[in-house]
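Input: a single structure, listed below in structure tokens.
The values are calculated or read from the model by the stated rules, or taken from the named source; none is laboratory data. On a predicted model such as this, the values are computed, not experimentally measured, just so you know. We place every Cβ from the backbone using ideal geometry, glycine too, and count neighbours over all the protein chains shown.
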Amino acid sequence: MNIAVLASGGGSNFQALIDKKCENKLNANFSVLICNNSSAKALLRAKTHNIDTLHIAPSHFDNEDTYSKALLKELTSRRVELIVLAGYMKIIPKSVVNSFHNRIINIHPSLLPSFGGKGMYGKYVHQAVLDYGAKVSGISIHFVDEKYDHGPIIFQKVVEVLDDDDTDSLAARVLVQEHENYWRVIESIAQGQIAVKNRKVTGRVI
Ligand code: GRF
């Protein structure tokens with residue numbers, strides 16, 4: 001399965017996927033890494049592993065139409081079958097979502113639909129969980145639609161919130177689960193084990 005990974009920052013999730021591929025657990029080809037941010041550490045990770053990189057940002061284009069056409073051109077010319085968002089901070093344009101219906105996935109560091117949506121990223125998510133006094137948080141892996149953190153949920157894993165947690169300690173435990181589980185979902189999709197009907201995702205995650 002040809003995968004395009006889209007990332008904006010550190011790319012530790014991208015690295016975890018690369019590692020699983022190196023261990024022959026993830027049977028996927030990283031066709032390209034697309035970053036909207038030229039200083040993203042994820043770019044270095046790709047280069048280290050000889051993965052093609054592109055720097056494409058919405059700000060490079062006059063409007064959404066030219067931006068999405070440029071994205072689609074790169075994705076289709078590389079025969080990308082699945083788009084994997086790994087800490088990607090930009091909304092995916094509507095025409096890309098439509099062209100890749102249920103073929104774009106995202107990982108979010110909370111149990112959606114709680115603590116998701118616009119502005120809910122990084123430490124803001126974990127701070128909101130702690131401020132609310134939630135006893136559990138976790139990860140959600142979902143298909144992407146036009147709204148932030150909104151598409152059909154494929155997989156969730158609970159992470160307990162401890163009494164003495166701060167955003168760093170909670171984020172660290174959540175991130176371990178992200179790294180441990182994102183590749184499983186991708187491999188399950190690659191194996192054709194995941195189906196979507198309306199909003200409901202069925203099938204076994206390996
Ligand atoms: C992760 O917490 C992920 O859930 C969210 O963005 C963060 C990316 O982290 N979408 P990294 O760049 O993979 O380290």
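Filter segment 66-104 for residues that are more than 17 Å from the chain's Cα centre (by Cα) and small (Gly, Ala, Ser); which is surrounded by the most Cβ atoms within 10 Å (Cβ to Cβ)?
By that ranking, first place goes to SER68.
For the subset of segment 39-52 comprising residues that are within 14 Å of the ligand (Cβ to nearest atom) and not in a loop (DSSP other than H, G, I, E, B), which member is surrounded by the fewest Cβ atoms within 10 Å (Cβ to Cβ)? Show your work before the answer.
Step one: filter segment 39-52 for residues within 14 Å of the ligand (Cβ to nearest atom), giving 39-46.
Among the residues that remain, those that are also not in a loop (DSSP other than H, G, I, E, B) are: 41-46.
Details: LYS41: 15, ALA42: 27, LEU43: 21, LEU44: 13, ARG45: 21, ALA46: 24.
That would be LEU44.
For ILE18, indicate whether it is more than 30 Å from LYS197 (Cβ to Cβ) and either modelled with pLDDT of 95 or more or surrounded by 20 or more Cβ atoms within 10 Å (Cβ to Cβ) (or both).
Details: more than 30 Å from LYS197 (Cβ to Cβ): yes; either modelled with pLDDT of 95 or more or surrounded by 20 or more Cβ atoms within 10 Å (Cβ to Cβ) (or both): yes.
Yes; evaluated as a whole, the condition is true for this residue.
Looking at ASN36, ASN2, ASN63 in this structure, which one is surrounded by fewer than 20 Cβ atoms within 10 Å (Cβ to Cβ), in contact with an Asp or Glu (Cβ under 9 Å, 6 or more places away or on another chain), closer than 20 Å to SER99 by Cβ and not β-branched (Val, Ile, Thr)? Reasoning before the result, please.
Details: ASN36 fails: in contact with an Asp or Glu (Cβ under 9 Å, 6 or more places away or on another chain); ASN63 fails: in contact with an Asp or Glu (Cβ under 9 Å, 6 or more places away or on another chain).
Answer to the check: ASN2.
Yes/no matrix, rows are residues, columns are (1) among the polar types (S, T, N, Q); (2) touching a Leu at 6+ places or on another chain (Cβ under 8 Å):
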| residue | (1), (2) |
| --- | --- |
| PHE61 | no, no |
| ARG79 | no, no |
| ALA86 | no, yes |
| ASN106 | yes, yes |
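Please indicate, with yes or no, whether at least one residue in segment 20-33 is within 15 Å of the ligand (Cβ to nearest atom) and of a type in the set (Asp, Glu). Reasoning before the result, please.
Taking segment 20-33 as the starting set, the residues that turn out to be within 15 Å of the ligand (Cβ to nearest atom) are 20, 30, 33.
With of a type in the set (Asp, Glu) added as a condition, the list becomes none.
No, segment 20-33 contains no residue that is within 15 Å of the ligand (Cβ to nearest atom) and of a type in the set (Asp, Glu).
With the checklist (1) within 12 Å of the chain's Cα centre (by Cα); (2) within 12 Å of the ligand (Cβ to nearest atom) in hand, flag the one item VAL176 doesn't pass.
(1)
Mind telling me which of the residues ALA86, ALA70, ALA134 ends up being at pLDDT 95 or above, within 16 Å of the ligand (Cβ to nearest atom), farther than 20 Å from ALA195 by Cβ and not aromatic (Phe, Trp, Tyr)? Give the derivation first.
On the way: ALA70 fails: within 16 Å of the ligand (Cβ to nearest atom); ALA134 fails: within 16 Å of the ligand (Cβ to nearest atom).
The conditions single out ALA86.
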